[in-house]
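A short write-up of the structure that comes next.
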Amino acid sequence: MSDRIRNITRAFTLAELLVVIAIIAVLLGLVLFAASRVGRNARAASCMSNQRQIALAWTSYAADQNGALVSSRTTIPDDLQGRMDTPCGLITVSINNGNNNPDSYHGWVADYRQHVAGGIERECGINSTDKTAQALSGGRLWEHLGDVKAYASPLDPTGRIRSYSLNAFVGTTIPNDNPAYGVWFCDLGMDASGLRSTHMARITAPSSTICSIVEQDTADGVATWNHYGWIFDPRAPLALASGFGNSAAYRWVDAPAMWDPEHVTYSMCDGSVGQHAMQDKALVISMTKNSHGIVEQHSTGRTANDWLHFRERILPGPVARLPLQY
């Protein structure tokens, strides 16, 4: 009987305790990982909800303005009426009917070339900690949004007042209302006037055209303002005289923000929202470190699925007609 009692009351050995602790640690890790993923998915859903509001405000503004769209730029161009002699002729970029009064500029937000102070975005001279956020209330979409929270993604760790940019191919004469970008398309024999998207009628496929997107816009590792629009180079990786890459490269002028290491969130011009699961992990790492001028290196003939995903949604119609050559 005494032997039986001794067997029943025997304590755990050190090895048994270590096994139990290891099992508990693994289970705890799985729970924390699941909780982290659930939290990130919830923030991503909230981010897409913000962008749905932006897209609906974008369409509401157009309805109020007889189809005229807000500009994706956030700064007044140096020359509101620029001209450029290109291979496809003289391009005239007229912004706001040539009215160079900043107060009448139809930017969706208004930063008016203010700079970053202490790593915190300043737009219209207002620090991101100020409640008034005049940069946002000075923009054309404010009356349709009216809440500073709609401009900031819950995924954004930078503390800026605005996490989103509009697609540079919508609401402009040519991408970013800058004549220099006309040469992209003239190089390929395309008339840049085909890119004019200043009115809703020029958006031929709203459900397939990106309206807003998360953009980090960093300089030397510091989060800066999201000025201009989100610019994406839709040209095939040709060896062009302009020097953008080579026959085995794809170039991102602006990278989307990779605050979610797996997905990029965006809204479409019809008010719907979506997210893209990035396939190229090396590209994600590059975008995490730098937000401009990223070049993907691929062997000749290999398809860059991430680049193609966004190319198909920049401005369906005109962009889709650009030749893909390798």
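The values are calculated or read from the model by the stated rules, or taken from the named source; none is laboratory data. As the structure is a computational prediction, the values presented were derived from the model and not from experiment. Every residue, glycine among them, receives a Cβ derived from its backbone with ideal geometry; neighbour counts consider all protein chains shown.
Looking for something closer than 26 Å to L155 by Cβ, in a loop (DSSP other than H, G, I, E, B), acidic (D, E) and at pLDDT below 70 - is there at least one such residue anywhere in the stretch 213-221? Yes - at least one qualifying residue is present in the stretch 213-221.
Quick grid of which residues meet (1) modelled with pLDDT under 80; (2) among the polar types (S, T, N, Q):
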residue	(1), (2)
V19	yes, no
A25	yes, no
R52	no, no
S60	no, yes
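Keeping to the stretch 270-284, report how many residues are farther than 11 Å from W307 by Cβ, under 16 Å from the mean Cα position of the chain (by Cα) and part of a helix (DSSP H, G or I). Qualifying residue count, the stretch 270-284: 1. Screening P154 against (1) within 15 Å of A110 (Cβ to Cβ); (2) at pLDDT 85 or above; (3) not basic (K, R) leaves a single unmet condition, (1).
Somewhere in the stretch 293-303, is a residue surrounded by fewer than 17 Cβ atoms within 10 Å (Cβ to Cβ), under 22 Å from G171 (Cα atoms) and either within 14 Å of the chain's Cα centre (by Cα) or at pLDDT below 80 (or both)? Checking the stretch 293-303: not a single residue is surrounded by fewer than 17 Cβ atoms within 10 Å (Cβ to Cβ), under 22 Å from G171 (Cα atoms) and either within 14 Å of the chain's Cα centre (by Cα) or at pLDDT below 80 (or both). Considering the stretch 256-277, and only residues there that are among the small types (G, A, S) and under 13 Å from S212 (Cα atoms), the residue that is surrounded by the most Cβ atoms within 10 Å (Cβ to Cβ) turns out to be A257.
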